[in-house]
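Below is one structure, written out as C-alpha cells; the observations come after it.
Readers should treat all values here as calculations from the given coordinates under stated rules, not as data from a laboratory. Just so it is clear, the structure is predicted and the values come from calculations on it, not from any experiment. We place every Cβ from the backbone using ideal geometry, glycine too, and count neighbours over all the protein chains shown.
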Amino acid sequence: MNSFVGVDGGADHLLAAGVTPAAVIGDLDSLSDAARATFAQQLRFIAEQSTTDFEKALTRVSAPVVLGLGFTGGRLDHALSVLNVLARHPERAVLLLDAHDVSFVAPLGRMSFAVAPETRISLMSLGEAKVTFSGVRWPFAQTRMTPDGFSSPSNEATGGEVAIETDGPLLVTLPRDLLAVAMKAAVRAK
C-alpha cells in the first residue's frame, strides 16, 4: 500500500493536489493555516530543533522504500542537509526525486542494474568509501572516494550491466525516467 506523508510545508502541495496524507510530520513552522486546518487529525508536531523536518519524518516512517519529493530544490542548504541525513541513515532505501533526476544511497556491498548505452550515471560519496564502478565509459576499481575528493559525475553507461561496489555511503544519481531501475537497485536485502 502506498501512503503519503507531508513533511511540514510539503503538506501544502498534497492539499493542492487533493491528496490526504497519512501524517504530516515536522515542527510545522512552514505549514499553511489551510493545510493545518484540513489535516488537523494527521498532524504530528515534533518540537525539537536538533534535526531537520526531513530527518524527523524519515526516522518516524517505516517503509521498505521512501520516495522523497521536494527535498532537492529551492535552497542549497536544505538539499545539503538532506544529503547529510542520508549519509547518517544508509540503512534506509530513500529515493530523492526532482524534475530531472532520481538519487539514492547505494546499499553497501555490490549492486548492479542494466541501462541503455550513454545513460548518465553519477556517483558522489557522502563519506569515505572504497568504490568499484564498471559497465561505464570511465570505470575504476577500489578507488577511495570522499566528499572533498574524487567523484564521478556525469559518467555514462556503455550498455548492459552497470555494477557498483561500495563499503561506504555513496550517492547514485540517474535520470528520473529510470525510477523503476533505481527503486530495485536501492532496496536493501533483508
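Ordered by residue, what ³J(HN,Hα) values in Hz, to whole numbers, does region 150-165 give under the Karplus form 6.51 cos²θ - 1.76 cosθ + 1.60, where θ = phi - 60° and Gly and Pro are x?
Ordered by residue, 3J(HN,Hα) equals 5, 9, 9, x, 6, 6, 8, 5, 8, x, x, 7, 10, 10, 10, 10 Hz.
Could you let me know the centre-to-centre spacing of region 60-120 and region 159-190, using Cα atoms, in angstrom?
One Cα centre to the other: 9 Å.
With a ≥ b ≥ c taken as the square roots of the eigenvalues of the C-alpha gyration tensor of region 93-139, please select rounded if a/c is under 1.5 and otherwise prolate if a/b is larger than b/c or oblate if it is not?
It is oblate, given that a/c is not under 1.5 and a/b is not larger than b/c.
Can you sort I25, I164, I46 from fewest to most other Cβ atoms within 10 Å of each residue's own Cβ?
Placing the least packed residue first, the sequence is I46, I164, I25.
Taking a ≥ b ≥ c as the square roots of the eigenvalues of the Cα gyration tensor of region 26-69, is the shape rounded (a/c under 1.5), prolate (a/b larger than b/c) or oblate?
oblate
Does region 104-186 come out rounded, prolate or oblate by the C-alpha gyration tensor, with a ≥ b ≥ c the root eigenvalues, rounded set by a/c under 1.5 and, if not, prolate when a/b is larger than b/c and oblate if not?
Details: a/c = 1.63, a/b = 1.40, b/c = 1.17.
Prolate.
In degrees between 0 and 90, to the nearest 10, how far off the longest principal axis of the chain does helix 76-88 point, with axes built from Cα atoms?
70
Take the chain, connect every pair of alpha-carbon atoms lying under 10 Å apart with a spring to form a Gaussian network, then pick out the residue of P153, P175, P107 with the largest mean-square fluctuation.
P153
DSSP loop (so not H, G, I, E, B), at most 12 other Cβ within 10 Å: list which trypsin sites (Lys or Arg not before Pro) in region 124-187 pass both filters.
Hits after loop and neighbour filter: R137.
Mean residue ellipticity at 222 nm from the helices of the chain, using -39,500 (n - 2.57) per DSSP H segment of n ≥ 4 over the full residue count, to the nearest 500 deg cm²/dmol?
Here the helix-only value at 222 nm equals -5500 deg cm²/dmol.
Which of D98, D167, D77 moves most in a GNM of the chain, Cα contacts under 10 Å?
Highest fluctuation among the options: D77.
Please give the net charge around T132, taking every other residue with its beta carbon less than 9 angstrom from that of T132, where Lys and Arg add +1 and Asp and Glu add -1. If you can, show how the numbers build up before the last one.
Working: positive: R110, K130; negative: E165.
Around T132, the charge tally is +1.
Which loop-located trypsin sites (Lys or Arg not before Pro) does region 14-99 contain, where loop means any DSSP state but H, G, I, E or B and the Cβ has at most 14 other Cβ atoms within 10 Å?
R60, R75
What is the dipole size for region 104-186, taken about its Cα centre, with +1 at each Lys and Arg Cβ and -1 at each Asp and Glu Cβ, in debye to the nearest 20?
60
Sort E118, E156 so that the residue with the fewest other Cβ atoms within 10 Å of its own Cβ comes first and the one with the most comes last. List each step's numbers first, then the result.
Working: E118 10, E156 17.
Least to most surrounded, the residues fall as E118, E156.
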